[in-house]
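Following: one structure in structure tokens, then a few remarks.
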Amino acid sequence: MKTFVKPFILLILIGGFFRAYAQETPFRLYGELYFDNRVRLENGQWSWNENRLDLQLDKKFADKAKFHSQVWLRSFGYPFLYSAEQLFDKDETSPYNLDIREAYVELYGVFTKNLDMKIGRQRIAWGTGDKLNPTDNVNSYDLEDIWDFGRHLGSDAIRLKYYYKDFFLEADYILYFRPASLPRGDWAAGLFNPMELPPPLYIVSMEDSLAMPALNLKENSSYALKAGGLAGGFNFSLSYLYGRDGLPVNYFNRIMPVDTNGGVYLESKLFFPRQQVIGADLAGAVGSVGVWAEASLFVPEDEIILTNDLTGIGMPVVDSVILENKPWFKYLAGFDYTFRGGHYVNFQYLHGFVHERGQENLNDYFVINYEKYLFNDKLKVRPLTAAFVVSDWKELTENYALVYMPFLTFIPNDNTEISIGVRLIAGEGDDVFAQYKDKDEFVFSLKYRF
Amino acid sequence: MKKKTLFAAIILSIYSFGALAQGASEILKKTDDVMYAPKDQKASVKIILKDKKGNMQEREASYIQIGSEMRLFKFTAPASQAGIAFLSLPGDVMYLYLPAYEKERRIASHVKNQTFAGTDFSYDDMESKPLGDEYNPELISQDAETWKLKLIPKDPAGSDYGRIEITVGKDNNYLRSADYFDRGGQKIKQMVNTTIEKVDGYWTATEIEMTDLAKGHSTVFKTLGLSFDNNLTAEDFTVREMKK
């Protein structure tokens, strides 16, 4: 009886709230159709096929509340068919996926006119950088498409934001931990260093297990605070997050022989370490040049030791520290400027990409973008979009990556964008992009907003 | 005697020039006073973009404004633009909100000479600061109905225009049209207030057409549901309001 009564009372309260603000606007349904196809230049193989229907629904209740949801319905990838039996199963022949990106209610002026509350699955976007944000760590990364920098998963959270004049104070409580989504297909390999085995050993098969945090408040929840405002013409903020790294860390490996030729079976265990992140950002202008900067200090909770159990192949158990209990510092600085004639240039320097941990493991990324609209904004050209990565300045020629991404976007009408471009990658060393050097690709995408 | 005549002519011309300049300043001040008389304004607008082939695109937006330095502009249509908002605050503090990124982006004044959201207005044109703050006026000519003034930027380096020539109605001191010239003296844009009417006791342009002469492209702003003196406050011009 009690379990029935509680949700019933809650429903009445929520219903009462919305009836109280009956000056409502109609539901607004909007979104986009997005087709993204990519083919590898080296061998002509398709490497990406995404057909996305992005549906968003908004409803405002006067100036007191807003409901928002965003759902992706996607036909993604290619069917992996090896048996005629699969042809009877449409889930196999037409793989699809439903992703609730956001679904929240935002209440304005709760308790006091200056306090807003947002409850539900939401994106808590922090940082002043352009798609590269070392301070944006409340939501776990959505790295499914490694080229869609800055994409994060929504978190089931409660956010309170108090405004006073040009300043704000924000408190976020993230109810459940959501691990990051990892890149699809062979893009994932770049994020994780492969396990090196002494010859003649080689991995025949492997299995891993994830140690997910316990489903309780202490282990599964996170919280964050942020304060900021406008002073001296600059927007600034300071932030603190007590959360978990959304990318798993390998803490245990066991190797067992499976044949006499050196073939082994690998068993791995991974977990999501707790960490604190102290951040700061600012944005403003120097003269007429737009400038921004971000910095985050990542403080691990513990040292992380990787245990390699090699007893199965007649060797001892080897422990090695893979992450010292020392903070590391990621930062970004950037500027943009529009020259006469509409020539837009944006430059960013980043120290430490999303997956990098430990001060000595952070690489340098220089990213430049030049774009110009032509023919009454019907054509956008990006002839110089590039990134240069250095993973070791002392041996630069062996530790670098260069990614060149020229794109052309045709805009036949306000709602449609058709883009073509290439990603050309060169590099050496173990940086994530250097490992993609054989993955040059041609990209074709279409976006229609409705 | 000749010297005296020449001296008198010079004195007279200096005096006349001074009188004209003073007249021009007064005209411009009255124009600014009329155009910025309301304490605040609130409106929705229909924006029609026309290219030289006659193809048209429509956009819809709403805006609120206090004086000349606080303005919040939100696009409501088409779908590709809906939700995009632009907030302009004193001290060249400007924010752009793109719903797809779910956060505001601070933008610097380098955008001022760029076109505003595909229209023929630049961000600078949209700021609608009193002309007297940014330009020194000269009276070029006049007829029974209008004055024609030449406006020279006070800060030539900071302006996209070499000069602006404006026509002001004598009946209401309201701006009727403006011709924009580049630094080389070439006329590049033309703005015409095609409909000027009295709303809530204030003269206002409810239809404005800006033409980019080089591109042969024009933008018509049709103001709908305009209201003045709505008791707007600085709290209505915040990032919080921009994102709602």
Longest DSSP-loop-exposure-free segment, trypsin sites (Lys or Arg not before Pro), chain A, at most 10 other Cβ within 10 Å: A:114-339
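Express the carbon and sulfur contribution to the solvent-accessible surface of segment A:194-353 as a percent, rounded to the nearest whole number, probe 1.4 angstrom.
Values: 4990 of 7870 Å².
Accessible surface attributable to carbon and sulfur in segment A:194-353 totals 63 percent.
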Label-point separation (nm) for A:Phe410 and A:Val286, each offset 7 Å from Cα along Cα-to-Cβ? 4.1 nm
Which residues does the label zone of A:Tyr265 cover in segment A:307-322, counting backbone N under 19 Å from a point 7 Å along Cα→Cβ? A:308-315
Report the label-to-label distance for A:Ala426 and B:Ala144 in nanometres (one decimal), using points 7 Å from each Cα along the Cα→Cβ vector. 7.5 nm
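Could you tell me whether segment B:203-244 comes out rounded, prolate or oblate from its Cα gyration tensor? Rule is a ≥ b ≥ c as square roots of the eigenvalues, rounded for a/c under 1.5, then prolate if a/b exceeds b/c, otherwise oblate.
Details: a/c = 3.69, a/b = 1.78, b/c = 2.07.
Judged from the Cα gyration tensor, segment B:203-244 comes out oblate (a/c at least 1.5, b/c at or above a/b).
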Can you give me the long-range amide H partners of A:Arg101? Hydrogens built in the peptide plane at 1.01 Å from N, cutoff under 5 Å, separation of 5 or more residues or another chain. A:Gln70, A:Val71, A:Trp72
In nm, to one decimal, how far is the modelled label at A:Ala62 from the one at A:Tyr242, with both set 7 Å along Cα→Cβ? 3.8 nm
Report, in whole Å, the centroid distance computed from the Cα atoms of segment A:323-367 and segment B:21-95. 36 Å
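Report the net charge of residues surrounding B:Tyr123, where surrounding means a beta-carbon distance below 13 angstrom and charges are Lys +1, Arg +1, Asp -1, Glu -1.
Working: positive: B:Arg71, B:Lys112, B:Lys129; negative: B:Asp92, B:Asp120, B:Asp124, B:Asp125, B:Glu127, B:Asp160.
That sum, taken over residues with Cβ under 13 Å, equals -3.
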Calculated on alpha-carbon atoms, Rg and Dmax of segment B:147-209 in Å: 13.3, 41
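Segment A:300-397: which chymotrypsin sites (Phe, Trp or Tyr not before Pro) are DSSP loop and have at most 16 other beta-carbon atoms within 10 angstrom?
Details: sites: A:Trp328, A:Phe329, A:Tyr331, A:Phe335, A:Tyr337, A:Phe339, A:Tyr344, A:Phe347, A:Tyr349, A:Phe353, A:Tyr365, A:Phe366, A:Tyr370, A:Tyr373, A:Phe375, A:Phe388, A:Trp393; in loops: A:Phe353, A:Phe375, A:Trp393.
Those satisfying the criteria are A:Phe375, A:Trp393.
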What GluC sites (Glu not before Pro) does segment B:100-160 have in DSSP loop regions with at most 12 other beta carbons within 10 Å? B:Glu145
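Of the accessible area of chain B, with the probe set at 1.4 angstrom, what percent is carbon plus sulfur? Show your work: numbers first, answer last.
Numbers: 6330 of 11850 Å².
About 53 percent, which is the carbon plus sulfur part of the accessible surface.
Take the cross-link list B:Lys148/B:Lys215; B:Lys150/B:Lys189; B:Lys148/B:Lys170; A:Lys378/B:Lys244; B:Lys29/B:Lys170 and give me the ones stretching past 19 Å between alpha-carbons. Please list the in-between numbers first.
Numbers: B:Lys148/B:Lys215 26 Å; B:Lys150/B:Lys189 15 Å; B:Lys148/B:Lys170 10 Å; A:Lys378/B:Lys244 30 Å; B:Lys29/B:Lys170 13 Å.
Over 19 Å Cα-Cα: B:Lys148/B:Lys215; A:Lys378/B:Lys244.
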For segment A:42-98, listing chymotrypsin sites (Phe, Trp or Tyr not before Pro) in a DSSP loop whose Cβ sees at most 13 other Cβ atoms within 10 Å gives A:Phe80, A:Tyr82
How charged is the neighbourhood of A:Arg340? Take every other residue with its Cβ under 13 Å from the Cβ of A:Arg340, and add Lys/Arg as +1 and Asp/Glu as -1. 0
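Per residue, how much accessible area does chain B show when a 1.4 Å probe rolls over the protein heavy atoms, in square angstrom? Show your work: numbers first, answer last.
Details: 11850 Å² over 244 residues.
The answer is 49 Å² per residue.
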Greater than 25 Å apart at Cα, pairs in A:Lys131/A:Lys161; A:Lys66/A:Lys372; A:Lys64/A:Lys226: A:Lys66/A:Lys372
Calculated from DSSP H runs of 4 or more alone, at -39500 (n - 2.57) each and per residue, what is the 222 nm mean residue ellipticity of chain A, nearest 500? -1500 deg cm²/dmol
Total charge dipole magnitude, segment B:51-154, about the Cα centre, Cβ charges on Lys, Arg, Asp, Glu only, Debye to nearest 20: 300 debye
Two-site FRET efficiency, A:Tyr173 against B:Lys52, from Cβ-Cβ distance with R₀ of 60 Å, rounded to 0.05: 0.60
Report the calculated FRET efficiency for B:Lys39 and A:Ser75 (r = Cβ-Cβ distance, R0 = 56 Å), to the nearest 0.05. 0.55
Nearest-ten-degree value, helix B:2-35 long axis tilted from longest Cα axis of chain B: 20 degrees
Which of the aspartates and glutamates could a cross-linker bridge to B:Lys46, judged by Cα under 13 Å and excluding same-chain residues fewer than eight apart? B:Glu58, B:Glu60, B:Glu207, B:Glu209
Just the projected area, averaged over all directions, of the convex hull on the alpha carbon atoms of the protein assembly as shown: how many nm²? 42.3 nm²
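Total accessible area buried between chains B and A, 1.4 Å probe, in Å² to the nearest 100?
Working: alone 13480 and 24330 Å², together 34780 Å².
Looking at B and A, the buried total is near 3000 Å².
Nearest 0.05, what FRET efficiency do B:Lys215 and A:Ile368 give at R0 = 41 Å with Cβ-Cβ as r? Don't jump to the answer; show the numbers that get you there.
Working: r = 28 Å, r/R0 = 0.69.
E between B:Lys215 and A:Ile368, to the nearest 0.05, is 0.90.
Considering only the other residues whose Cβ falls under 10 Å of the Cβ of A:Val105, what net charge follows from Lys and Arg at +1 and Asp and Glu at -1? Can you show the working numbers first?
On the way: positive: A:Lys59, A:Lys66, A:Lys118; negative: A:Glu106.
It works out to a net charge of +2.
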Hey, what do the phi angles of segment A:134-150 turn into as Karplus ³J(HN,Hα) couplings, whole Hz, using 6.51/-1.76/1.60 and θ = phi - 60°, x for Gly and Pro? x, 8, 8, 10, 5, 8, 5, 5, 10, 9, 3, 10, 4, 8, 8, 4, x
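The values are calculated or read from the model by the stated rules, or taken from the named source; none is laboratory data. Since this is a predicted model, take the numbers as computed values, not measurements. No Cβ is skipped: glycine too gets one built from the backbone with ideal geometry, and neighbour counts run over all protein chains shown. With ligands, DNA and RNA removed, areas are computed over all heavy atoms of the protein, side chains included. Shrake-Rupley method; radii C 1.70, N 1.55, O 1.52, S 1.80 Å.
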